[in-house]
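S.K.: This is the structure I want to talk about, given as structure tokens.
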Amino acid sequence: MTWFVDDTWIVIIGALTAIACALPGCFLVLRQMSMMGDAISHAVLPGLAIAFLVTGERASFTMFIGAAVVGVLTAVFTQWISSLGKVDRGASMGIVFTTLFALGLLLIVQAADHVDLDPGCVLYGAIEMTTLDVAWEFQLGETWIEVPRAAMVLGSVALFNLIIVVAFFKELKISAFDPELATTQGINANFMHYLLMTQVAVTTVAAFEVVGSIIVIAMLVTPAATAHLLTDRLGLMLLLSAIIGALAAGLGHLLAIVIPPLIGFDGTTTSGMMAVTTGLLFVLAWLFAPRYGWISRLVSRKDVKSPFSGPLPSD
Amino acid sequence: MKTKSYNSAKTLPADDHSPQAPLSIHDLTVAYHRKPVLWDIDLDIPEGKLVGIVGPNGAGKSTLIKACLDLIPTASGLVQVYGQPYKKQRAMVGYVPQRESVDWDFPVSALDVVTMGLYRDIGWFKTVRKKHKEIARSALDRVGIAHLADRQISQLSGGQQQRVFLARALAQDATLYFMDEPFAAVDAATERAIVTLLKDLKNQGKTTLVVHHDLATVSQYFDWVILLNMRVVAAGPTEEVFTAENLHRTYGGKLTLLAEAGHALSQIKRP
Amino acid sequence: MIPPPLAALTSLHDTGADWPSLDVVWRVLTLQDYNTRLVVMSTMILGLASGLVGCFLLLRKRSLMGDALSHATLPGIGLAFIVMASMGGTGKHLVGLLVGATVTGVIGVIMVLVVRNTSRIKDDAAMGIVLSVFFGLGMVVLSMVLSMPSGHAAGLESFIYGKTASMIMQDFLLLSGVAAIALLCSLLLLKEFTLLCFDEGFGRSQGWPIHGLDIILLGLVALVTVVGLQAVGLILIIAFLITPAAAARFWTNDLRNMLILSALIGGVSGWCGASISALLPRLPAGAVIVLVAAAFFVFSLFFGKTRGVVRTRLAMYRLKRKVGRQHLLRAVYEIQEAACAETGKPPANIAIPFRDLLLHRSWSPAHVRQDLRRAKNEDHIDQFDGQSLRLSESGFGEAARITRNHRLWEIFLITHADIAASHVDRDADSVEHVLSPDMVRELEQRLDLDSIPESPHYISPQKDRPHDMVR
Ligand SMILES: Nc1ncnc2c1ncn2[C@@H]1O[C@H](COP(=O)(O)OP(=O)(O)O)[C@@H](O)[C@H]1O
Ligand SMILES: [Mg+2]
């Protein structure tokens, strides 16, 4: 196995994705809206298509805006349908994103020469290729450092999310914990909801364009859930999920290089492997977490300490 | 005072249980995670009594009922219904869950919900027949809302929904009933109707365990009480067990509750 | 580097659609071509089956399970290909691939259940984890397969995802089989599934194997999803499981009707969608079907008979008007009654000052004026010149009736509190229909006895909760 500079960059980009996702991801998991990342990443298709049809060019920025707008709209429509028609939120999310996806598909195929667009392709990404697109070069001592565009994009998104989470930590925390309490304390829970949705949409769309959305979906939910098994404190949970995500990115790339030759294949996709690795880390936490792990629960169920071992206070 | 008070499991030898008790609980311990919620519960409930389960929020009242019904795993202990494990005696047991435990927006009518009490009798794959609906209708009649049988359940008031749940348990035609907070957030008339019903059941010789949180009415409604706070603080006939001292030990230093308890005690009419 | 979805866009250019002739439309709609017939029938049957199964999924609040499941089929397809290829053969055997997809799909669903039952992780996060991790695994496996030197694996994905137009007899038979199983299970297990979805705890206390039922239900979802994958595609089958059921819920409060309606909506969406897609060029069937189902949903959301937005808003508006009218007429009657009582006369239709009406309850002038305008339109008000007003003949009669009923109702609620509870949400306006004639007579006697010239409303307006409010 040989490790190139590019490999380092891939891991860095993966880790930046993980950090960018971990921050909104924790709140999604706590608010029981984990499927939002998945919904948004599918729903943005018409945004991309319309942005392209309107401007006639494949400029990243217009497409980014188009997709981000549709991403936020997904959240808005979901909210409308579930409150207007008293529809279960999961169901209304499902209706909205599948409908938007179908619409996007129709737009693309209507205008495209070849009909044979693979609906699954939206989920694919090629993190391996991101290093080819260099956005910025600079000299550090003897060596030239070539920073890929993806690293710049994801770094900015991570920074954006970090600023929002730091600025609104208290508000996000309260409205994740108890929206009604938040409202009584003068915090606009609705605003916080849409702020979070905007974060998710921006993160999903930015990352999806550079590294593929399966990584985003995985990084939004799995590290946050893993961290949730390890701690009860929100601050720590945010930190842990970022670390776990970054770790999964590094390990994932390593596994993607190491494993295929072992079982007789040429190579495989790093994006997929990173997603799988987040899952492996989750399974570890699920089994062995000190307090909320499965094994510790099994053991503790049979081995409860009597709270009455001493003399009772009231006796 | 001959109050039986179980401060530790050791005070009562296991073979002290009567084999014919409608419900006997042997050294039951339940824990969520590492946190014990119920510890060494050891009880015999005498037949034909109306039993109140009283204790502060989070005392484990619902947990006790769920553990008896085998709905949650237990750390240790044994629950017997008329001397047999619960699994063999399901037909003798009726259950009224907490009202909030279901989605009242579900597309079924009051009558449909009540027939659910008969599903076990009807059995796998078979459909609900007319005679089952008749039974369900008469159960609804017993709780006074037969005229609402065909209403969708979301169009019922809170008290009426609670009556539907009670009717479902009645349709089960059990001899031992578990009811989780049937008096929570119901109107005064429903409360009176439920009390009448409970007394009816008692007069028919059935045993009913009711989770209750209004201390003021305990001595009026129940002839037996279990004071619960993770362990059984005291259990026995109301007039013996429902004392200031025991309430203090159940509710600890919670002052507001103690004030309530004081009020409740002032209401006790001792013979 | 151009990421794939954008790559698809690089070759965009507009080409006008060729509209089909009427003859062709007729042929397609009446299923005269063998090929179209196969495709349309298949999607219709798929719609029926998924509409049926989706109902239970919706009521169990697990609608997105189809999403997790369909993503979790990907590794199965890759693995099945590897297994079949290593046993010799092309590896692209339909049934084999579908079996592989089912296996990993079901494993994924079971993982969701296990994770949520054994940890503090909730349903949604468990689904998100399974979805992304399994799909990631699928990508890993597929990209290894695609790099296989022997490689006839190309096109493996599109072989699976949404090739509606190229369906063959085998697909049709498969779909029909699955639909039959779904129908049979829904019929046989209707009451068990109802219990599972409505009150799991009670079901378990009765001894029903709730986990087993859960797995049967999800097994059905898995079957529908897997056969649906190639009919409408990975993402769009998710819509098929959710949208018809959610649309049907707006039309009925009865589970059986909801099941039938949902199956119908699913079937019709499949039929319409596939037909439209066969008629017009460059319309992928899966997308059209989903859009037709979504149109059904939006229509139902607004115009659904029992829960549609228009109906519920309209009912709320009507109720407000009715309550407003009753309050106004009763207030006028009570003022007239009080004025007449001062002179020792029985209540009569005399003119009253507008100011008294405002004072009677703390109503805003605008509010009262609006109610008055409506009452005038209904011919209940004879004259209103801004200063004083008088009821019309019919208005006075109506006002007397409303006031009498209201008082009867109040006495009933006070004196018969124990039985009253089951009637509180009934309409006071129709006392006679709700209470037995004996009861009404008894109440009337009391009304005469006390003959309340002063209604309690003068003292405490807030006690006057509209008993006639229909929930
Ligand atoms: N599913 C659960 N997981 C973890 N803890 C629980 C669960 N259900 C109840 N508890 C805890 O067990 C304790 C007892 O709960 P419960 O029996 O519902 O109390 P009660 O019904 O007396 O108010 C509470 O402290 C509660 O937090
Ligand atoms: Mg409780």
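The values are calculated or read from the model by the stated rules, or taken from the named source; none is laboratory data. Treat the numbers as computed from the prediction; the structure is a model and nothing was measured. In this analysis, Cβ positions are derived from the backbone assuming ideal geometry, glycine residues included, and neighbour counts consider all displayed protein chains. Quick note on the areas: whole protein, heavy atoms, side chains included, nothing else; ligands and nucleic acids left out. Shrake-Rupley method; radii C 1.70, N 1.55, O 1.52, S 1.80 Å.
S.K.: Which of the following residues is part of a helix (DSSP H, G or I), surrounded by fewer than 24 Cβ atoms within 10 Å (Cβ to Cβ) and of a type outside the set (Val, Ile, Thr): C:Gly273, C:Gly219?
M.R.: Matching residue, one of C:Gly273, C:Gly219: C:Gly219.
S.K.: Of all residues in the stretch B:51-72, count the ones that are within 14 Å of chain C (Cβ to nearest Cβ), more than 10 Å from ligand 2 (Cβ to nearest atom) and in contact with a helix residue (DSSP H, G or I) (Cβ under 8 Å, 6 or more places away or on another chain).
M.R.: Selection size over the stretch B:51-72: 5.
S.K.: Now for a different question. Can you pull out the residues in the stretch B:27-50 that are within 16 Å of ligand 2 (Cβ to nearest atom) and either touching a Leu at 6+ places or on another chain (Cβ under 8 Å) or open to solvent by less than 30 Å² (accessible area, probe 1.4 Å) (or both)?
M.R.: B:Val30, B:Val37, B:Leu38, B:Ile41
S.K.: Which of the residues belonging to the stretch B:34-80 are of a type in the set (Lys, Arg) and more than 16 Å from ligand 1 (Cβ to nearest atom)? Show your work before the answer.
M.R.: At the first step, the residues of the stretch B:34-80 found to be of a type in the set (Lys, Arg) are B:34-35, B:49, B:61, B:66.
If the condition is that a residue be of a type in the set (Lys, Arg) and more than 16 Å from ligand 1 (Cβ to nearest atom), then B:Lys49 is the only one that fits.
Yes/no matrix, rows are residues, columns are (1) among the basic types (Lys, Arg); (2) at pLDDT 90 or above:
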position	(1), (2)
B:Thr175	no, yes
B:Arg192	yes, no
B:Lys199	yes, yes
B:Asn203	no, yes
B:Lys206	yes, yes
B:Thr217	no, yes
B:Tyr221	no, yes
B:Trp224	no, yes
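S.K.: Please verify whether C:Leu328 is at pLDDT below 85, within 30 Å of C:Phe396 (Cβ to Cβ) and not assigned by TED's automatic domain parsing to the domain that holds C:Met258, treating the condition exactly as stated.
M.R.: So C:Leu328 fails the test.
S.K.: Shifting gears a bit: From B:Thr190, B:Thr196, which residue is in a helix (DSSP H, G or I), open to solvent by less than 70 Å² (accessible area, probe 1.4 Å) and polar (S, T, N, Q)?
M.R.: Answer to the selection: B:Thr190.
S.K.: Against the conditions (1) away from every other protein chain (no Cβ under 14 Å); (2) without any contact (Cβ under 8 Å) to a residue 40 or more places away in the chain, where does C:Ser86 fall short? Just the number, please.
M.R.: Among (1) away from every other protein chain (no Cβ under 14 Å); (2) without any contact (Cβ under 8 Å) to a residue 40 or more places away in the chain, C:Ser86 violates only (1).
S.K.: Can you spot a residue in the stretch B:227-242 that is surrounded by fewer than 18 Cβ atoms within 10 Å (Cβ to Cβ), in a helix (DSSP H, G or I), modelled with pLDDT of 90 or more and acidic (Asp, Glu)?
M.R.: Yes, the conditions are met somewhere in the stretch B:227-242.
S.K.: Quickly run through the stretch C:247-267 and pick out the residues that are open to solvent by less than 10 Å² (accessible area, probe 1.4 Å), closer than 17 Å to A:Val87 by Cα and more than 9 Å from chain B (Cβ to nearest Cβ).
M.R.: Correct list: C:Ala247, C:Ala248, C:Phe250, C:Ser262.
S.K.: So, one more: Consider C:Ala348 against the criteria (1) part of a loop (DSSP other than H, G, I, E, B); (2) in contact (Cβ under 8 Å) with a residue 60 or more places away in the chain; (3) not hydroxyl-bearing (Ser, Thr, Tyr): it satisfies all of them except one. Which criterion is unmet?
M.R.: Here C:Ala348 meets the rest and fails (2).
S.K.: Please find, among A:Met192, A:Met197, A:Met274, A:Met219, the residue that is surrounded by fewer than 24 Cβ atoms within 10 Å (Cβ to Cβ), touching a residue at least 40 places away in the same chain (Cβ under 8 Å) and either touching a strand residue (DSSP E or B) at 6+ places or on another chain (Cβ under 7 Å) or among the hydrophobic types (A, V, I, L, M, F, W, C) (or both). Walk me through how you get there before you give the answer.
M.R.: Working: A:Met192 fails: touching a residue at least 40 places away in the same chain (Cβ under 8 Å); A:Met274 fails: surrounded by fewer than 24 Cβ atoms within 10 Å (Cβ to Cβ); A:Met219 fails: surrounded by fewer than 24 Cβ atoms within 10 Å (Cβ to Cβ).
Unique residue meeting the criteria: A:Met197.
S.K.: Additional query: Considering the stretch C:357-400 alone, what residues qualify as being in contact with a strand residue (DSSP E or B) (Cβ under 7 Å, 6 or more places away or on another chain) and open to solvent by 40 Å² or more (accessible area, probe 1.4 Å)?
M.R.: The initial filter retains those residues of the stretch C:357-400 that are in contact with a strand residue (DSSP E or B) (Cβ under 7 Å, 6 or more places away or on another chain), namely C:372, C:375-376, C:380-383, C:387-392, C:395, C:399.
Selection gives C:Lys376, C:Asp382, C:Gln383, C:Gln387, C:Arg390.
S.K.: Within the group A:Ala207, A:Ala182, A:Ala151, A:Ala176, which residue is buried (at least 19 other Cβ atoms within 10 Å of the Cβ) and under 15 Å from the mean Cα position of the chain (by Cα)?
M.R.: Values: A:Ala182 fails: under 15 Å from the mean Cα position of the chain (by Cα); A:Ala151 fails: under 15 Å from the mean Cα position of the chain (by Cα); A:Ala176 fails: under 15 Å from the mean Cα position of the chain (by Cα).
Exactly one residue qualifies, and that residue is A:Ala207.
S.K.: Got a sec? Which of C:Leu319, C:Leu255 is over 21 Å from C:Gly233 (Cβ atoms), assigned by TED's automatic domain parsing to the domain that holds C:Arg374 and not aromatic (Phe, Trp, Tyr)?
M.R.: Criteria check complete, one pass: C:Leu319.
S.K.: Looking at A:Ala227, A:Ala242, A:Ala182 in this structure, which one is at pLDDT 95 or above and over 26 Å from A:Ala68 (Cα atoms)? Break it down into steps so the answer makes sense when it comes.
M.R.: Details: A:Ala242 fails: over 26 Å from A:Ala68 (Cα atoms); A:Ala182 fails: at pLDDT 95 or above.
Exactly one residue qualifies, and that residue is A:Ala227.
S.K.: Filter the stretch B:200-214 down to the residues that are open to solvent by less than 10 Å² (accessible area, probe 1.4 Å) and away from ligand 1 (no atom under 14 Å from the Cβ), then identify the one that is farthest from B:Thr74 (Cα to Cα).
M.R.: Step one: list which residues in the stretch B:200-214 are open to solvent by less than 10 Å² (accessible area, probe 1.4 Å), which gives B:201, B:207-212.
Now restrict to residues that are away from ligand 1 (no atom under 14 Å from the Cβ): B:201, B:207-208.
Values: B:Leu201: 30, B:Thr207: 23, B:Thr208: 22 Å.
Among those that are open to solvent by less than 10 Å² (accessible area, probe 1.4 Å) and away from ligand 1 (no atom under 14 Å from the Cβ), it is B:Leu201.
S.K.: How many residues, within the stretch C:277-291, are within 11 Å of another protein chain (Cβ to nearest Cβ) and either surrounded by fewer than 24 Cβ atoms within 10 Å (Cβ to Cβ) or more than 13 Å from C:Leu46 (Cβ to Cβ) (or both)?
M.R.: Number satisfying all stated conditions: 9.
S.K.: Taking A:Arg58 as the residue in question, decide whether it is of a type in the set (Lys, Arg) and modelled with pLDDT of 90 or more.
M.R.: The answer is no for A:Arg58.
S.K.: Check off (1) hydrophobic (A, V, I, L, M, F, W, C); (2) within 16 Å of ligand 1 (Cβ to nearest atom); (3) away from chain C (no Cβ under 14 Å); (4) in contact with a Ser or Thr (Cβ under 8 Å, 6 or more places away or on another chain) for B:Phe222 and give me the number that stays unchecked.
M.R.: (2)
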